[in-house]
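The values are calculated or read from the model by the stated rules, or taken from the named source; none is laboratory data. Computed from a predicted model, the values in this text were never measured in an experiment. Cβ: placed from backbone, ideal geometry, glycine included. Neighbour counts: every protein chain shown. Areas reflect the complete protein model, heavy atoms only, side chains present, ligands, DNA and RNA absent. Shrake-Rupley method; radii C 1.70, N 1.55, O 1.52, S 1.80 Å.
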Amino acid sequence: MTESESLRTTPLDALNRELGGRMVPFAGYSMPVQYTAGIMAEHLHCRAQAGLFDVSHMGQAELVGEGAAAALEQLTPADVQGLKPGRQRYGLLLNEAGGIVDDFMFANMGDRLFLVVNASRKQIDLPLIESVLPSGVKLRPLPDRALLALQGPAVATLIPTPMSFMGIMEMEIAGIPVIASRSGYTGEDGLEISVAAEQAEKLARALLAMPGVMPIGLGARDSLRLEAGLCLYGNDLDETTSPVEANLTWSMGKRRRMEWNFRGADVVRDHLDHGVKRLRVGIRPEGRQPARGHTEIRKDGAIIGEVTSGGFGPSIGAPVAMGYVARDAAADGTALDLIVRDKPLPARVAAMPFQPHRYAR
Amino acid sequence: MSDMKYTKDHEWIRFEGDVAVIGITDHAQNALGDVVFVDLPEAGREVTAGEAVAVVESVKAASDVYAPIAGRVTEVNSGLVDEPALINSEPTGAGWFFKIAPAGALPDDLMDANAYAAYVESLA
């Protein structure tokens with residue numbers, strides 16, 4: 001069996017190909033890395049107007065029943081029980097060692113929790129969640145739903161909604177029932193839209209017909225999220241990395257930081273109380289040469305870390321990266337050397353996001 | 001253009017008198033995507049055929065560029081440093097990489113335009 005035969009496809013596969021998508025394997029799916037405009041043009045268009053992304057490879061699920069929020073809190077330090085109906089949050093699933101099993105979104109839909117997890121982790125996350133559920137709480141995977149993201153400053157006028165950033169609601173777009181949240185992975189305002197698979201192409205065509213909407217592939221999705229300082233699981237986060245090391249302490253609920261009753265709490269608490277050896281930081285290489293993931297980071301000749309994501313930021317007009325460095329090298333402005341093709345490339349620790357977020361708060 | 005030769009690494013070679021001008025093909029620039037950085041060899045460097053001598057970085061990936069023939073680098077296109085997008089817009093013109101004064105015989109696996117087109121077709 002060849003690789004392409006074993007790859008899964010999204011409900012938008014035919015449309016992606018019709019639009020000139022350059023299809024590549026990603027997390028077991030055949031996905032468009034770019035369309036005809038190319039990564040640079042797609043990236044800049046999304047920041048200027050609006051871009052449509054097929055992210056149907058991501059895992060969607062519902063958690064239903066009395067005590068669903070409390071059950072999920074066993075696995076995440078996020079405040080699930082305190083989340084109001086019509087609101088969504090970012091959270092981390094942790095293992096016993098306080099390592100990050102996945103990062104995910106959860107939303108309070110009133111009668112249920114709606115979850116979106118990474119494509120590459122859904123086979124791990126869903127059984128993990130299932131394993132902690134009391135009787136009466138059910139996890140329902142939603143493999144028959146597609147997920148689209150419409151991102152960019154034009155979205156608010158193309159599809160007006162009463163939601164602010166991280167709001168979520170059931171609504172109709174172009175006459176099609178959807179679950180839409182005011183969120184995304186680009187740093188821009190926009191919507192993430194869950195829709196029944198059989199209506200996904202009709203919805204995507206309706207969105208593409210709106211003025212200024214361009215299809216955007218995974219290549220620009222990656223450069224957009226990197227400029228926005230957002231993590232990619234598998235690159236920037238993994239099971240050996242704690243929320244404190246990842247600089248995602250903000251995703252932990254205040255109440256949860258008093259109760260310490262989530263999986264891995266002992267390690268996370270120790271990291272908060274006694275500090276960590278390494279921290280995720282933003283990095284700006286000097287000049288135009290990008291430093292990619294796995295690039296060694298040195299300071300005064302000593303190895304002090306590694307780049308986890310890096311590339312060229314089209315909106316910045318310069319290379320940008322993030323990675324982990326020793327705690328004493330994590331201050332903004334710290335001079336580093338990135339070892340690219342055996343040569344030191346001068347760089348500095350820099351504040352993230354590189355590109356200011358433009359959320360509708 | 002009739003004297004343009006091509007390699008399986010998707011470089012082109014155009015002979016101008018005693019010097020070979022070298023760049024990457026339209027197929028190569030299209031596969032790479034938007035070029036954002038290029039690292040060129042030093043003029044005067046002696047290179048062997050197949051040696052990695054330049055690096056081209058697009059938004060998504062880095063690729064080596066090889067010396068298709070042995071010889072001495074006589075000139076590099078320093079204009080690419082400030083305007084690497086020339087590699088995308090004019091890959092066989094203003095987007096040239098470097099010039100080599102050949103030493104010894106040319107490799108016998110260089111392709112003409114038709115053979116290269118057939119080779120690219122065979123990769124699809």
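Conditions (1) within 13 Å of chain B (Cβ to nearest Cβ); (2) open to solvent by less than 70 Å² (accessible area, probe 1.4 Å); (3) closer than 29 Å to A:LYS343 by Cα, marked per residue:
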| site | (1), (2), (3) |
| --- | --- |
| A:ARG256 | no, yes, no |
| A:TRP260 | no, yes, no |
| A:LEU272 | no, yes, no |
| A:GLY275 | no, yes, no |
| A:ILE297 | no, yes, yes |
| A:ILE303 | no, no, yes |
| A:TYR324 | no, yes, yes |
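On the given criteria, is B:ALA105 more than 22 Å from A:MET40 (Cα to Cα), open to solvent by 40 Å² or more (accessible area, probe 1.4 Å), within 14 Å of chain A (Cβ to nearest Cβ) and of a type in the set (A, V, I, L, M, F, W, C)?
No, not satisfied.
Yes/no per residue for (1) more than 14 Å from chain B (Cβ to nearest Cβ); (2) in contact (Cβ under 8 Å) with a residue 60 or more places away in the chain; (3) open to solvent by 10 Å² or more (accessible area, probe 1.4 Å):
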{"position": "A:VAL178", "(1), (2), (3)": "yes, no, no"}
{"position": "A:ARG182", "(1), (2), (3)": "yes, yes, yes"}
{"position": "A:PRO211", "(1), (2), (3)": "yes, no, yes"}
{"position": "A:GLY217", "(1), (2), (3)": "no, yes, no"}
Subset of region B:64-75 [surrounded by fewer than 18 Cβ atoms within 10 Å (Cβ to Cβ) and within 26 Å of A:SER223 (Cβ to Cβ)]: B:ASP64
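Return yes when A:GLY310 is within 11 Å of another protein chain (Cβ to nearest Cβ), small (Gly, Ala, Ser) and under 27 Å from A:GLY219 (Cα atoms) and no when it is not. Walk me through it before giving the result.
Numbers: within 11 Å of another protein chain (Cβ to nearest Cβ): yes; small (Gly, Ala, Ser): yes; under 27 Å from A:GLY219 (Cα atoms): yes.
For A:GLY310, the condition - within 11 Å of another protein chain (Cβ to nearest Cβ), small (Gly, Ala, Ser) and under 27 Å from A:GLY219 (Cα atoms) - is met.
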Top-ranked residue in region A:232-250 [being within 13 Å of the chain's Cα centre (by Cα) and open to solvent by less than 10 Å² (accessible area, probe 1.4 Å); ranked as nearest to A:ALA69 (Cα to Cα)]: A:LEU248
Select, from B:SER122, B:SER78, the only residue that is closer than 30 Å to A:SER223 by Cβ and either in contact with a strand residue (DSSP E or B) (Cβ under 7 Å, 6 or more places away or on another chain) or exposed (fewer than 14 other Cβ atoms within 10 Å of the Cβ) (or both). B:SER78
A:ALA61 passes all but one of (1) among the aliphatic types (A, V, I, L, M); (2) within 13 Å of chain B (Cβ to nearest Cβ); (3) in contact with a Lys or Arg (Cβ under 7 Å, 6 or more places away or on another chain); which number fails? (2)
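Restricting the search to region A:38-48, which residues are surrounded by 19 or more Cβ atoms within 10 Å (Cβ to Cβ), closer than 24 Å to A:HIS357 by Cβ and out of contact with any Ser or Thr (no Cβ under 7 Å at 6 or more places or on another chain)? Give the derivation first.
At the first step, the residues of region A:38-48 found to be surrounded by 19 or more Cβ atoms within 10 Å (Cβ to Cβ) are A:38-40, A:42-43, A:45-47.
From the residues that got through so far, the ones that are closer than 24 Å to A:HIS357 by Cβ too are A:39-40, A:42-43, A:45-47.
A:MET40, A:GLU42, A:HIS45 - these are the residues of region A:38-48 that are surrounded by 19 or more Cβ atoms within 10 Å (Cβ to Cβ), closer than 24 Å to A:HIS357 by Cβ and out of contact with any Ser or Thr (no Cβ under 7 Å at 6 or more places or on another chain).
Test A:LEU338 against the criterion of being at pLDDT 95 or above, within 14 Å of another protein chain (Cβ to nearest Cβ), over 25 Å from the mean Cα position of the chain (by Cα) and open to solvent by less than 10 Å² (accessible area, probe 1.4 Å), and give yes or no.
Working: at pLDDT 95 or above: yes; within 14 Å of another protein chain (Cβ to nearest Cβ): yes; over 25 Å from the mean Cα position of the chain (by Cα): yes; open to solvent by less than 10 Å² (accessible area, probe 1.4 Å): yes.
Yes; evaluated as a whole, the condition is true for this residue.
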If the Cβ limit is 7 Å and pairs must be 6+ apart or interchain, which residue in region A:87-109 that is within 16 Å of A:MET58 (Cα to Cα) and among the small types (Gly, Ala, Ser) pairs with which residue that is modelled with pLDDT of 95 or more and not in a strand (DSSP E or B)? A:GLY91/A:THR76; A:GLY91/A:ALA78; A:GLY91/A:SER251
I need a count of the residues in region A:206-234 that are closer than 25 Å to A:HIS271 by Cβ and touching a helix residue (DSSP H, G or I) at 6+ places or on another chain (Cβ under 9 Å). 5
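Got a sec? Which strands (runs of 3 or more DSSP E) wholly within region B:1-64 have at least 1 residues that are within 14 Å of chain A (Cβ to nearest Cβ) and hydrophobic (A, V, I, L, M, F, W, C)?
Numbers: elements: B:4-6, B:11-16, B:19-24, B:35-39, B:52-58.
Those strands (runs of 3 or more DSSP E) span B:35-39, B:52-58.
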